[in-house]
Amino acid sequence: MHLDSFIVSALLLLAVTSVAVALFRRLGLGSVLGLLVAGVVIGPHSPGPYVTAHVEDVRHFTELGVVLLLFVIGLEMKPSRLWSLRRDLFGLGSLQILLAGLAIALYVSLGAESWKTALFIGFTLSFSSTAFIMQLLQERGAFASSHGTGTFAVLLMQDLSVVLLLALVPLLSDTATIASGNPLWEQLLILGGMFTVIWVFGRRVVPFALERLARHDNREAFLLVTLLAVFLAAWAMHQAGLSMALGALIMGMLLSGSRYNMQLHAHIEPFKGLLMSLFFVAVGMSIDLGELAEQPLEFIGHTAVLISIKLVVLFPLALAFGYSRSDSVRITFLLAQAGEFGFVLFGSALALEVIDEATFIMAVGVISLSMLVTPLLVRFGDRLACRIEGNRNEPQDLPTDMQAVSEPQVLIGGYGRMGHTIATLLQASGIPFVAFDTNPERVEVGRVYCQPVLYGDISDPELLAAVHAERASLVVLAIDDGSIALRTVSHLRNTYPQVPVIVRARDLEASSHLLQAGATEAFPETIEASLRLGAKALQMVGAPDDSVDLLIQGVRETGYELVRERPEGDESP
């Protein structure tokens with residue numbers, strides 16, 4: 001009975017979410033809004049069938065998606081880059097929380113019983129949604145842009161501030177016993193110990209384990225060790241009283257300099273995508289349609305005021321910190337909603353009787369509703385920013401990595417003798433490239449030659465997505481495994497049809513299969529070696545160099561027809 005119920009729930013979830021995401025992506029509104037609406041439809045507050053009534057438990061579980069999201073972001077952000085954000089982190093982030101929190105508290109105080117409650121609600125609603133915004137930035141490829149880094153700095157400061165606000169909740173309660181808490185020195189000792197644990201694992205233990213597993217080509221254990229590292233860091237920060245997502249971010253940053261970082265990204269991406277999708281569905285399931293129907297104007301009014309206050313506060317702040325008008329508009333509309341940490345903070349406040357049940361329901365409804373309209377707000381902000389850029393002739397806000405790809409960029413699969421030769425020629429020509437190989441010893445050779453060689457399987461679709469293969473000017477496959485090369489060419493041609501692909505092949509038959517799969521060029525190494533040998537022989541017996549070059553060029557242009565092997569018994573000329 002329980003199995004049947006689970007299967008029916010899973011079928012309902014998959015059916016509704018797939019239709020909603022496809023529809024909203026088709027309308028240009030993004031997958032996040034589709035997932036939210038799907039959550040509303042299959043939630044316990046909808047009139048039709050629902051997946052589960054335990055929405056809070058589902059939301060707690062799917063918050064692991066936020067943890068994995070922050071780990072992936074950490075892999076892309078070295079500590080030096082985070083240090084460069086210190087001005088926005090402590091300046092813009094702190095002022096946004098302070099000013100928006102006070103403004104919202106002033107509005108809430110008009111109907112709140114005490115100023116302490118109003119301040120708590122104000123600062124809680126000043127936080128934005130890390131999960132929503134980081135997902136949107138990743139989907140748009142805008143994380144490395146100017147407005148993307150500014151937005152991330154504010155979100156990170158908010159995540160740090162959640163800890164302080166959560167610690168202050170018992171002080172606002174008349175029922176909580178504060179004497180049971182640990183003394184400050186003990187809390188600091190725990191915090192320092194947990195940071196030490198994360199640092200040791202991120203710098204020493206995890207890289208050592210990954211290298212051993214990679215040498216034995218143990219991909220299953222490689223994945224499990226990666227997940228262990230992420231959740232260990234999340235647990236350590238949780239034990240220290242900090243955000244689990246912060247621990248995952250730190251672990252990602254510690255591993256960002258590792259030669260395994262791209263493969264780590266590829267391994268984590270499917271789990272992150274699944275859990276984040278379920279998280280958005282769970283948020284949609286939290287929206288109580290009955291409560292909204294009873295007080296629609298009140299819910300909508302509070303949500304509109306919340307968003308308006310954040311817009312009014314954020315825009316001048318972003319301008320004051322040196323952002324252009326278009327960037328300021330994008331940052332403002334990205335951060336205009338309330339965040340998922342509000343569910344945790346308001347839940348804790350309700351348990352300690354800081355707020356009553358009616359306030360809790362209203363607050364959760366406002367948070368959920370503000371999240372629901374976030375994709376529409378971001379879309380409107382983009383249009384407004386584009387109009388400002390057009391009117392003011394401001395430079396387009398492209399990601400820094402996108403700007404770098406205005407120069408040729410080559411992806412090389414395989415770093416054996418042939419891959420190393422190609423990489424050396426590209427390096428000598430000043431053309432940027434990245435090479436991948438699944439043999440750690442070859443990766444180490446690349447380091448010796450100061451060439452960007454990373455551990456990774458070029459045939460892995462998630463790895464290609466992580467390195468933004470769509471931006472490459474060329475993909476060179478120097479793999480000696482014909483089946484892997486064929487599978488990679490097929491995926492590249494289907495997913496990135498605009499990217500040219502040249503491939504190493506063993507012989508003419510393999511070359512023919514690769515060309516049929518979509519390779520731009522395929523070079524059979526046995527035939528090429530024979531041509532080089534034959535050309536040298538002709539030159540040494542006195543044939544003119546120009547004639548030899550024309551002959552070899554003609555052989556290649558005709559698909560090696562001249563030197564193709566004839567079937568036995570074929571007497572045709």
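Values in this text are rule-based calculations from the coordinates and carry no lab data. Fair warning: this is a prediction, and the values are worked out from it, not measured in the lab. Cβ sites come from the backbone with ideal geometry, for glycine too, and all protein chains shown count toward neighbours.
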Charge sum, other residues only, whose C-beta stays under 15 Å from D457's C-beta, Lys/Arg counted +1 and Asp/Glu -1: -3
Charge sum, other residues only, whose C-beta stays under 15 Å from I104's C-beta, Lys/Arg counted +1 and Asp/Glu -1: +2
Relative contact order, percent, the stretch 437-480 [alpha-carbon distance under 8 Å, six or more residues apart]: 30
Pairs of Cα atoms farther than 14 Å apart, the stretch 268-328, %: 73
FRET efficiency, 1/(1 + (r/R0)^6) with R0 25 Å, evaluated for A293 and E353 via beta carbons: 0.35
Computed label-point distance, nm, for sites R387 and V541 using a 7 Å Cα→Cβ extension: 7.7
